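Laboratory data are not the source of any read-out in this text; all were calculated from the coordinates shown. All figures in this text were calculated on a predicted structure; none of them were measured in a lab. Don't worry about glycine lacking a Cβ; one is built from the backbone with ideal geometry, like all the others, and counts go over all protein chains shown.
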Amino acid sequence: MTPLAKRLSALGLPEKDAQVYLALLSLDGATAQLASKETGINRSSMYVVIERLIKQGLISIGTTHGVRKYVAAPPEHLLQLAKEKTEKHELLSKNLRTMLPTLSSKHRGARYRPKVTILEGRQGLIDGFDDSLSLKEGYMRVISSGPEIFRTLPDYLPPYVQKRMERNIGMVGIHPAEPHSMNAFKNMPVSKDLDTHFFISEDRYRFPADFAVYDDKTIFMSHTFLFTAFIRSKKIAELMKTIFDLAIGEARRIGDEFP
């Protein structure tokens, strides 16, 4: 195969089609027999190739003195074909992008994969808290970073707690036993019927970030780096609830309960 035929083949034209097209282009039209002789392609294969090239508009049929000849289309037609293929692929890609969410939802494995969402900035922290106001279980399990929360969201927390109380959403919490946090809790509308909190000495356990689990969601919040990470997975949430419930047993043994 000639270098030019190789280049056409690399662009998507089958090897034999490229050879025949180039031969007909050089001959300015030829019979199937002559094209077969020029390219070394046998006659039976030649007619199959010619049929493909005709369908693509790369060759046409002419007659000279009653003899059928095949004539190559101008090379510009190759450029038009490439343009049409590009447009077709772009349309296909566009349609696939549109269909992807639906196809992904039907993928059997996708139903069991955790869905992770990262919310950044102070607003991301607020959105994380707001999400918990729509929980279905009735209460959430929480480990807080104590003073870090009150430092980043001092004005947001009191109305948030009020909304939580109004919606009868309870909380079981483990918190660091430091004065700022404990005083803040005393000044909030905490309900004995809805909430149970345990304060643990920071000498024994550290709480560098916030953690919450409810429904099928596990949430981590960093007030240092200002982000909220949501992990949505029923299995992971079940595991974290189990771990938290085990921790509550220890918190009840060593901590101070409030209210």
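Annotation: amide H-H contacts under 5 Å for His223 (H modelled 1.01 Å from N, sequence separation of 5 or more, or interchain): Asp210.
Where in the chain are the helices, taken as whole DSSP H runs, whose Cα atoms extend 20 angstrom or more along the long axis and whose Kyte-Doolittle mean reaches at least 0.0?
Working: long enough: 76-106 (44 Å, -0.75); 234-254 (30 Å, 0.16).
Correct list, ordered by number: 234-254.
As a test of the formula, what do you get for the chain when each DSSP H run with n ≥ 4 contributes -39,500 (n - 2.57) and the sum is divided by the residue count, at 222 nm and rounded to the nearest 500 deg cm²/dmol?
On the way: 10 runs with 130 residues, N = 259.
That comes out to -16000 deg cm²/dmol.
Hydrodynamic radius of region 111-258 by the Kirkwood approach over all distinct alpha-carbon pairs: 15.5 Å. With unit charges on the beta carbons (Lys and Arg positive, Asp and Glu negative) and the dipole taken about the Cα centre of region 37-126, which residue among His77, Ser45, Thr102 sits farthest to the positive side? Ranked along the dipole, the leading option is Thr102. Ordering Met240, Leu194, Ser144 by Cα displacement along the dipole of the chain toward the positive end leaves Met240 in first place; charges were set at the Cβ atoms of Lys, Arg (+1) and Asp, Glu (-1). Among the trypsin sites (Lys or Arg not before Pro) found in region 62-136, those both in a DSSP coil and sparsely packed, with 14 or fewer other Cβ atoms within 10 Å of their Cβ, are Lys136. Within the same chain, lysines fewer than 8 places from Lys241 are excluded, and of the rest, those with a Cα less than 23 Å from its Cα are Lys115, Lys136, Lys192, Lys217. Only lysines eight or more places from Lys55 in sequence, or on another chain, were considered; those with a Cα closer than 24 Å are Lys6, Lys16, Lys37, Lys69, Lys83, Lys85, Lys88.
Which values of log₁₀ I(q)/I(0), to two decimal places, follow from the Debye formula for the chain at q = 0.07, 0.17 Å⁻¹ with a uniform point scatterer at every Cα? Ignoring solvent entirely, the Cα scatterers give -0.51, -1.20.
Distances between placed amide hydrogens fall under 5 Å for Lys69 paired with Gly62, Thr63, Thr64, all partners being 5 or more residues away or on another chain. Dipole size of the chain about its Cα centre, with +1 on Lys/Arg Cβ and -1 on Asp/Glu Cβ: approximately 1440 debye, rounded to the nearest 20.
What GluC sites (Glu not before Pro) in region 189-259 are in a loop by DSSP, with at most 16 other Cβ atoms within 10 Å of the Cβ? Numbers along the way, then the final one.
Working: sites: Glu202, Glu238, Glu250, Glu257; in loops: Glu202.
Within region 189-259, the qualifying GluC sites (Glu not before Pro) (loop, at most 16 other Cβ atoms within 10 Å) are Glu202.
When the alpha-carbon atoms of region 3-77 are used, the pair Rg, Dmax equals 11.4, 37 angstrom.
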